[in-house]
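Participant: The structure follows.
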Amino acid sequence: MKIDLLVAEIGSTTTVVNAFNLSPCPSFLGQGQAPTSVEEGDVNIGLKSAILDLAHNLNTKDIKWKEIIATSSAAGGLRMTVHGLVYDMTVKAAKEAALGAGANIKYITAGKLRNSDLERLKKINPNIILIAGGVDYGERNTALYNSELIANLDLDIPVIYAGNIENQQEIREIFHDRRSELYIVENVYPKIDELNIEPARKIIQQVFEDHIIHGPGMKKVKDMITGPIMPTPGAVMEASQLLYQHIGDLLTIDVGGATTDIHSVTEGSDEINRILVNPEPLAKRTVEGDLGVYVNMYNIVDMVGKEELRKELNISLEELNRIIEAYKPIPEMELEKLFVEKITLHGAIVATKRHAGRLRHLYGPSGKKTIAEGKDLTQIKTIIGTGGPLTRLPNRTKILEQIPLSNKGHELLPNKEVDILIDNHYIMASLGVMSKKYPEEALKLLKDSLG
């Protein structure tokens, strides 16, 4: 069987392969999956097994393809550390760029690095180090100081500099003849209250692709992959931004077994922007590492409380405990599915509220003043559900409908008139990486999956 394009999603535990034909009309053919073989030191083992599973699902013995591209969150995903000047300014801008690229941020520092920071950086051993600091033609010393210290570690880790442009020549000299490959990009915070994260986001993804072959278990990944490789969360963001150009302001909620990722693409309202304390990016991603419905299921249970969950499910505490003790990655019994729906609902609501901004009232000599902090989601027109639970659970649409209704009044959440769409084929990440080369085809397939 001849196939135009395979897209592999290489996860920490599972590798999924999606098959697409691109002409004459883009179409999704099917999916295969297998355990990811990171521990064996060669993810190609899992990738080949997933392709065999795909062939079985397509009722064919032999698959031939023209291209194969990939997303990856295996081997810890894209691990980064971020080092800036002031936390609410350059550090935040650098953090937004890293998260938007799909990074798993392991450590953030503001101001001059200390010895303890350097020790922690070495222990983390990130895939990429991002240095920022100072608006253009502003403060210079902190970024130079931090760059000297990081360069002196002489780590074999790529370094991206995205700070004050006046420092660029000195930064080049600092990292000259060091093992760290240096990338210099536009300042993520060129002026007060101005974010410029897209150039850094793009270079982070480029560096990830250039250096992914050095990750544990990933050394042979490019033996089979013929095209781009992106961090899986970055690919979901790419798909969200592509869709934003055609349907307007949107929110993508990706509930997984270990984490819940929220992606928003919206400028917010003019009214809120006028009272916003700090600038927010057009495209924003947050990841909640404690809100997964399998690995971190107990966190959500503890957060909600067993008594509350028991009432919501209308069962006894003994029954609830039996469900929790026998919990499996994929629920089978009706009551198990209802339990997963409840923890998915609570996880999605909490993650969205952490992502969203809120209004605050300040009181002073001149009376009450209202300010806004964080991302304004009030102009969101569409909420999209992706990830295992939100693409497979029976009441997935009803779960997402509850998010606007959870507003306590001061939260900048979407309104209840939003449209709810589901990534029914669970291919959003695949289409994100596909859009780098085939944007029109990816958009058509995305709309089909959301149909």
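The values are calculated or read from the model by the stated rules, or taken from the named source; none is laboratory data. Keep in mind that this is a model prediction, so the values were computed, not measured. Note: ideal-geometry Cβ built from the backbone for every residue, glycine included; neighbour counts use all protein chains shown.
Participant: Being of a type in the set (A, V, I, L, M, F, W, C) and in contact (Cβ under 8 Å) with a residue 40 or more places away in the chain is the requirement here; does Ile427 meet it? Break it down stepwise before answering.
Facilitator: Values: of a type in the set (A, V, I, L, M, F, W, C): yes; in contact (Cβ under 8 Å) with a residue 40 or more places away in the chain: yes.
Yes; evaluated as a whole, the condition is true for this residue.
Participant: Within segment 165-179, how many residues are closer than 20 Å to Met80 by Cα and touching an Asp or Glu at 6+ places or on another chain (Cβ under 7 Å)? Explain how you work it out, then say what you get.
Facilitator: Start the filter on segment 165-179 by keeping residues that are closer than 20 Å to Met80 by Cα, which leaves 171, 175, 178-179.
Then keep just the ones that are touching an Asp or Glu at 6+ places or on another chain (Cβ under 7 Å); that gives 178-179.
Looking only at that region, the number is 2.
Participant: On to the next question. Checking Tyr327 against (1) buried (at least 18 other Cβ atoms within 10 Å of the Cβ); (2) within 20 Å of Glu307 (Cα to Cα): exactly one of these is not met. Which one?
Facilitator: (1)
Participant: Take the residues of segment 1-19 that are touching a strand residue (DSSP E or B) at 6+ places or on another chain (Cβ under 6 Å) and among the hydroxyl-bearing types (Ser, Thr, Tyr): which is nearest to Lys48 (Cα to Cα)?
Facilitator: Initial filter on segment 1-19 (touching a strand residue (DSSP E or B) at 6+ places or on another chain (Cβ under 6 Å)): 2-10, 14-19.
Narrowing further to those that are among the hydroxyl-bearing types (Ser, Thr, Tyr): 14-15.
On the way: Thr14: 12, Thr15: 10 Å.
For segment 1-19, the residue satisfying everything is Thr15.
Participant: Would you check if Leu377 is assigned by TED's automatic domain parsing to the domain that holds Gly292, within 27 Å of Pro331 (Cβ to Cβ) and aliphatic (A, V, I, L, M)?
Facilitator: Working: assigned by TED's automatic domain parsing to the domain that holds Gly292: yes; within 27 Å of Pro331 (Cβ to Cβ): no; aliphatic (A, V, I, L, M): yes.
For Leu377, the condition - assigned by TED's automatic domain parsing to the domain that holds Gly292, within 27 Å of Pro331 (Cβ to Cβ) and aliphatic (A, V, I, L, M) - is not met.
Participant: Among the candidates Thr260, Thr252, Thr286, which residue alone is out of contact with any His (no Cβ under 9 Å at 6 or more places or on another chain), polar (S, T, N, Q) and not assigned by TED's automatic domain parsing to the domain that holds Lys202? Let's see the steps before the verdict.
Facilitator: On the way: Thr252 fails: out of contact with any His (no Cβ under 9 Å at 6 or more places or on another chain); Thr286 fails: out of contact with any His (no Cβ under 9 Å at 6 or more places or on another chain).
Result: Thr260 is the single residue among Thr260, Thr252, Thr286 that is out of contact with any His (no Cβ under 9 Å at 6 or more places or on another chain), polar (S, T, N, Q) and not assigned by TED's automatic domain parsing to the domain that holds Lys202.
Participant: Which strands (runs of 3 or more DSSP E) sit wholly inside segment 1-112 and have at least 1 residues that are closer than 20 Å to Thr226 by Cβ and in contact with a helix residue (DSSP H, G or I) (Cβ under 9 Å, 6 or more places away or on another chain)? Please lay out each step first, then the result.
Facilitator: Working: elements: 2-10, 14-21, 27-35, 64-72, 78-84, 103-110.
Those strands (runs of 3 or more DSSP E) span 2-10, 14-21, 27-35, 64-72.
Participant: Scan segment 250-298 residue by residue and report those that are out of contact with any helix residue (DSSP H, G or I) (no Cβ under 9 Å at 6 or more places or on another chain), farther than 22 Å from Pro389 by Cβ and not small (Gly, Ala, Ser).
Facilitator: Of everything in segment 250-298, those that are out of contact with any helix residue (DSSP H, G or I) (no Cβ under 9 Å at 6 or more places or on another chain), farther than 22 Å from Pro389 by Cβ and not small (Gly, Ala, Ser) turn out to be Asp270, Glu271, Ile272, Asn273, Arg274, Ile275, Leu276.
Participant: Checking Asp302 against (1) more than 30 Å from Leu250 (Cβ to Cβ); (2) in contact with a Leu (Cβ under 9 Å, 6 or more places away or on another chain), which test does it fail?
Facilitator: Condition (2) is where Asp302 drops out.
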